[in-house]
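Trainee: Let me give you the structure first, and then I'll get to my questions.
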Amino acid sequence: MSFSKIPFIALLIILIGVIANNASHRYQVTALSMELEASKQEAAINSALLQNMHKVNQANDMAQADLRSSIESVNTALLKNKRAMEQLKNESKEVRDWADTRLPADVIRLRQRSEIASGAAYQDWLSLRDSLPPASDPSPNQRRAESGD
């Protein structure tokens, strides 16, 4: 082997290394470009979601303001009605006597119903009130009919 062939082989090996290194860099650049594009798409999706959430929040704020306004108008009407009722009670003995009359027992029971906070609580309340005896227990009327009285 001569010295002239050694630099050529060394140069060839260096050139192959540079080409391999360049290919590796191209692959890395391609992979990074794909990651960047995916990140851009994800950022666009997140931006759209954020804008949508902002719109929903604004709509919620407006709905709450409307509800507050409705509550205020209902409270104003209630106060007006109470004042009118008090004025009628003060003006007329007949209205005053009617207002002082005790409510029927069924109406009192309806007004004393506890606050129900869930469907299960409502079902429990329904189960407890005015429950009927089980079908296996005869009613007092059935007992008399069976005994022949």
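Trainee: Once the piece of chain linking Glu91 and Ser24 is laid out straight, how much longer is it, given 0.36 nm per residue of separation minus the C-alpha distance between them? Walk me through the numbers on the way to the answer.
Mentor: Working: separation 67, 0.36 × 67 = 24.12 nm, distance 9.93 nm.
Separation in residues times 0.36 nm, less the Cα-Cα distance, equals 14.2 nm.
Trainee: Could you check the spin-label model distance between Ala31 and Leu11? Points 7 Å from the Cα along Cα→Cβ, value in nm.
Mentor: 3.4
Trainee: Given R₀ = 30 Å, FRET efficiency for Lys80-Lys55 by Cβ-Cβ distance, to 0.05? Could the numbers behind the result be given before it?
Mentor: Working: r = 37 Å, r/R0 = 1.25.
Here the calculated transfer efficiency is 0.20.
Trainee: Follow-up. Which shape class, rounded, prolate or oblate, goes with region 79-120 when its Cα gyration tensor gives a ≥ b ≥ c as root eigenvalues, a/c under 1.5 marks rounded, and past that a/b bigger than b/c marks prolate? Could you put the intermediate results ahead of the total?
Mentor: Working: a/c = 6.69, a/b = 1.96, b/c = 3.40.
Oblate is the answer for region 79-120, as a/c is 1.5 or above yet b/c matches or exceeds a/b.
Trainee: How high is the FRET efficiency from Ser70 to Ala44, r the C-beta distance, R0 25 Å, rounded to 0.05?
Mentor: On the way: r = 39 Å, r/R0 = 1.57.
Rounded to the nearest 0.05, the efficiency is 0.05.
Since every read-out is calculated from the coordinates, none of them should be taken as a lab result. Treat the numbers as computed from the prediction; the structure is a model and nothing was measured. All Cβ positions, glycine included, derive from the backbone under ideal geometry; neighbour counts span all protein chains shown.
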